[in-house]
Amino acid sequence: MTRSPLVRRLGTALVAGSLIATAAWGLARPACAQPPAPQAASARLAGRLPDAASTAAVPAPAPSVAPTSAAPATKGTNPYGLPQLWREGDGVTRAVLLGLLALSLASWYVIISKLVEQGLVARQARHVAARFWQAADVTAATAELAEASPFRQVAAAALHAQERHQGLHAGVDFADWIDICLARAVERAQRRMSSGLSLLATVGSTSPFIGLFGTVWGIYHALTAIALSGQASIDHVAGPVGSALIMTALGLATAVPAVLGYNALLRRHAMLLGELRDFAGELHSVMLSLRAPG
């Protein structure tokens, strides 16, 4: 049967409407089936329980750092140096410091004075080698020497021995008598030239132990103070112990120059003493040759 155009248009409209409605329902259904957003859930549960995700997302507040009032230490300063050791030390500590200072000053005085003295003796030895043996006689040659020269003292002893060779001394052979008097003069000159060297040897051997005693005494008091205060951190231990160790350094600083000076002076002393003994030996031969017959 033939359908009218109106019926066909109505059927077409119904089919198109049903297709559009089906498509719209299909698009709207997934959106309606989705779970609520976290923000909406957090908004709904804000009045009852805090949301775990939102709580974890919020960063913890940074700890506040209180401003320190202590000023940084000045670069190059040492609060535990020698002045601090002197101020906080007791009587024993100060006595050790003063003792090391006295030994150091004494050793330096000996070193400087003996260097000057040995320099003068070396110059006098050169003068004897150049001019003494060219003189007319021993008396004139002796008068040209310096008053404090050990060479003059030896030559004066030889002249004095020649004058004293009389009486009971005349019974002794003249050669033996001159030899005895010259040996005594050389021995006296040696004692004077070596004076002070024993002090350097004493300072060099005892100063390290004196400094070590001061170190042990200082560490004992430092550890006692730390134990009483109950603070054993590095800043409370290093300072007092380091100050006590200064005593060992001072002992070494006193001993090392004394030992070096002793060795240098002893070497020059042996050289000059050899020059004096050679002079005495030559003078002995000259005195024997000048002795009048009979």
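Read the figures in this text as sums done on the coordinates, not as results from a lab. None of the values given here were measured: they were computed from a predicted structure. Because the Cβ atoms are built from the backbone with ideal geometry, glycine has one as well, and the counts that use them run over all protein chains shown.
Some observations on this one:
- When each of 109, 262 is scored by the number of other beta-carbon atoms lying within 10 Å, the sequence from fewest to most is 109, 262.
- On the beta carbon distance between residue 127 and residue 206, with R0 = 35 Å, the FRET formula returns roughly 0.35.
- Residues 191, 268, sorted so that the one with the fewest Cβ neighbours within 10 Å comes first: 191, 268
- Set against the 2.2 N^0.38 Å expectation for a compact globular protein, the stretch 94-234 has a Cα radius of gyration ratio of 1.84.
- Note on residue 198 and residue 90: the extension gain reaches 35.7 nm, defined as 0.36 nm multiplied by sequence separation minus the Cα-Cα distance.
- Potential lengthening between residue 228 and residue 143 on full extension [0.36 nm per residue; Cα-Cα distance subtracted]: 23.1 nm
- Label zone at residue 166, where the point sits 7 Å out along the Cα-to-Cβ direction: the stretch 256-294 residues whose backbone N lies under 11 Å: none
- Least to most buried among 256, 110 (fewest other Cβ within 10 Å first): 256, 110
- Label positions at residue 174 and residue 256, each projected 7 Å from the Cα along the C-beta direction, are separated by 5.9 nm.
- Inter-probe distance in nm under a simple model that places probes 7 Å from Cα toward Cβ, at residue 288 and residue 102: 5.2
- The residues neighbouring residue 142, those whose beta-carbon lies less than 15 Å from its own, together hold a net charge of -3 under the Lys/Arg +1, Asp/Glu -1 convention.
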